[in-house]
Amino acid sequence: MLQNASAKRVYVETYGCQMNVSDGELMEGILAARGYTIVENPEEADVVLVNTCAIREHAERRVLGRVSQLNGLKRENPDLVIGVTGCMAQRMGDDLLEKAPFVDLVMGPDSYRSLPQAIRGLDDKPQERKQLAVLAFHSEENYKGLEQRRSEGPSAWLPIQRGCNHRCTFCIVPYVRGPEKNRGPRDIVEEVRGLVKDGVSELTLLGQTVNSYSSEGIDFPDLLREVARVHGIRRVRFTSPHPIDVTPRLVEVMAAEDAVCEQLHLPAQSGNNRTLRRMLRRYTVEQLLEKIEMVRDAIPDIALSTDIIVAFPGETEDEFQDTLELMHTVRFDDAFTYKYSLREGTPATRLPEEDFIPPDEAQARLEQLIDVSRRIQAEINQDEVGRIEEVLIEKCGRHKGQVLGRTRRNKVVVFDGDPTLIGEYRRIQLERTTGATFIGAERLGSVGAVGV
């Protein structure tokens with residue numbers, strides 16, 4: 001085993017949400033600062049870290065399958081360190097080491113600061129079979145002073161909050177990420193200025209319930225305004241907000257600040273009040289609709305997206321139909337749809353066994369919801385054909401000679417262009433849509449490059 005950290009190579013593979021992506025960048029930054037080399041594939045690595053999600057059972061099964069595959073590399077190189085980090089690691093803990101005995105390290109989301117020491121500890125006795133679980137919660141850990149290793153490009157994820165104080169009965173997050181911890185506003189704004197110097201012009205502020213942020217007398221509307229006014233920032237987004245913290249003052253800031261995008265992700269989860277109560281969501285359908293009306297009155301062109309869970313234990317067919325009715329009433333531009341997945345350790349697991357929906361029925365409800373969501377999305381996007389939108393070019397498209405970008409309203413657009421345009425803004429006419437994606441063409445009058 002290589003003993004010099006500067007010679008060690010690390011590969012980080014991330015599954016799950018934007019927060020996990022950001023955590024993957026954080027781990028890479030921590031290790032790079034200690035002399036590790038970050039590599040692009042596991043075959044090159046001395047250390048492989050699989051950064052995981054625990055929201056859905058399917059995600060955990062996928063990760064277990066992946067680490068089993070990586071064990072093939074370990075058979076070829078017995079000195080290879082395999083680590084599992086993130087929410088699944090926190091949830092399963094020592095059980096994961098028993099289920100996958102070839103895994104060397106299990107580490108939860110509050111412990112990444114100690115990642116180099118943990119790897120070094122595994123290296124100290126290379127002849128001994130050694131496993132390590134690092135799972136403590138640290139009430140003040142918000143990773144202040146540590147730098148993420150972000151990929152190059154015009155966009156960046158910026159965590160402002162970790163953990164969650166809500167206790168939605170279906171959700172594992174509070175139990176694997178701990179209580180809410182908010183970064184200091186001065187640190188956040190200073191990091192934004194640094195990102196601008198690195199060429200970033202679009203930011204997404206991240207938190208489990210991002211709009212509940214409060215630190216040093218600054219709440220989320222205050223912080224959003226501060227970030228939006230940093231010179232060089234052209235676009236600001238945030239995810240994932242909780243409906244109860246969508247306040248008139250937040251909407252006022254969104255409408256007033258030019259850099260704040262006309263887009264809001266608003267997780268509804270259900271369209272039935274009894275189900276919402278049993279989910280412990282703390283709002284009613286009527287209150288949700290009032291907030292949506294408030295947002296649309298202030299920002300008429302806003303694009304709304306949502307999360308929906310069907311087949312929550314005890315959901316009747318009529319209650320499911322209420323969710324479909326909500327979809328038709330609101331007409332979300334996009335929806336992330338799920339069927340309920342039992343997560344050990346969450347309150348919903350204690351509901352009566354007879355409340356749980358049979359898998360075939362749950363799948364049928366999910367497919368019906370997806371069909372409704374996609375038809376609404378296609379109708380909305382078809383009505384937008386012909387618009388000219390500002391598009392930030394993010395990467396090459398699937399086909400040669402094409403690039404892909406997003407509008408301020410988070411609509412995906414593909415058009416003919418050269419890779420040298422990545423990071424620039426262009427005026428694009430939306431010529432047609434495939435339902436979820438637009439195909440466009442550039443129109444005269446570029447709207448400028450990054451930072452302009």
For this session: Test residue 345 against the stated conditions and say whether it is in contact with a helix residue (DSSP H, G or I) (Cβ under 6 Å, 6 or more places away or on another chain), part of a loop (DSSP other than H, G, I, E, B) and not charged (D, E, K, R).
Result: yes
Problem set entry | Scan of region 285-321 for residues that are touching a residue at least 24 places away in the same chain (Cβ under 8 Å), within 26 Å of residue 58 (Cβ to Cβ) and assigned to a helix (DSSP H, G or I), ordered by number | 319, 320
Exercise. Any residue in region 57-68 that is modelled with pLDDT of 90 or more, surrounded by fewer than 20 Cβ atoms within 10 Å (Cβ to Cβ) and under 12 Å from residue 27 (Cβ atoms)?
Worked result: no
For this session: Filter region 198-251 for residues that are touching a residue at least 60 places away in the same chain (Cβ under 8 Å), within 19 Å of the chain's Cα centre (by Cα) and either farther than 27 Å from residue 149 by Cα or outside any loop (DSSP other than H, G, I, E, B) (or both) and give the result.
Result: 202, 204, 206, 235, 237, 239, 242
Exercise. Which members of region 88-120 meet the condition of being part of a loop (DSSP other than H, G, I, E, B), within 21 Å of residue 77 (Cα to Cα) and of a type outside the set (Gly, Ala, Ser)?
Worked result: 101, 102, 103, 104
Problem set entry | Odd one out for residue 282, checked against (1) under 23 Å from the mean Cα position of the chain (by Cα); (2) surrounded by 15 or more Cβ atoms within 10 Å (Cβ to Cβ) | (2)
Exercise. Does residue 333 satisfy the criteria of being touching a strand residue (DSSP E or B) at 6+ places or on another chain (Cβ under 6 Å) and touching a residue at least 40 places away in the same chain (Cβ under 8 Å)?
Worked result: yes
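Residues checked against (1) surrounded by fewer than 21 Cβ atoms within 10 Å (Cβ to Cβ); (2) at negative phi; (3) of a type outside the set (Asp, Glu):
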| site | (1), (2), (3) |
| --- | --- |
| 138 | yes, yes, yes |
| 142 | yes, yes, yes |
| 150 | yes, yes, yes |
| 156 | no, yes, yes |
| 175 | yes, yes, yes |
| 198 | yes, yes, no |
For this session: Out of 167, 113, report the one residue that is touching a residue at least 60 places away in the same chain (Cβ under 8 Å), within 24 Å of residue 342 (Cβ to Cβ), of a type in the set (Lys, Arg) and surrounded by fewer than 17 Cβ atoms within 10 Å (Cβ to Cβ).
Result: 167
Exercise. Scanning for something charged (D, E, K, R), in a loop (DSSP other than H, G, I, E, B) and not assigned by TED's automatic domain parsing to the domain that holds residue 60, does region 162-180 turn up at least one residue?
Worked result: yes
Exercise. Restricting to region 385-400, what's the tally of residues that are at pLDDT 95 or above, more than 26 Å from the chain's Cα centre (by Cα) and not hydrophobic (A, V, I, L, M, F, W, C)?
Worked result: 2
Seminar exercise, completed: Going through (1) assigned to a helix (DSSP H, G or I); (2) in contact with a Ser or Thr (Cβ under 9 Å, 6 or more places away or on another chain); (3) among the charged types (D, E, K, R) one by one, residue 394 fails only at (1)
Exercise. Hey, among the residues in region 32-56 that are out of contact with any strand residue (DSSP E or B) (no Cβ under 6 Å at 6 or more places or on another chain), over 13 Å from residue 11 (Cβ atoms) and not aliphatic (A, V, I, L, M), which one's surrounded by the fewest Cβ atoms within 10 Å (Cβ to Cβ)?
Worked result: 35
Seminar exercise, completed: Going through region 31-55 in order, the residues found to be part of a strand (DSSP E or B) and closer than 21 Å to residue 143 by Cβ are 38, 47, 49, 50, 51, 52
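The values are calculated or read from the model by the stated rules, or taken from the named source; none is laboratory data. Since we're looking at a predicted model, the values are computed, not measured. We place every Cβ from the backbone using ideal geometry, glycine too, and count neighbours over all the protein chains shown.
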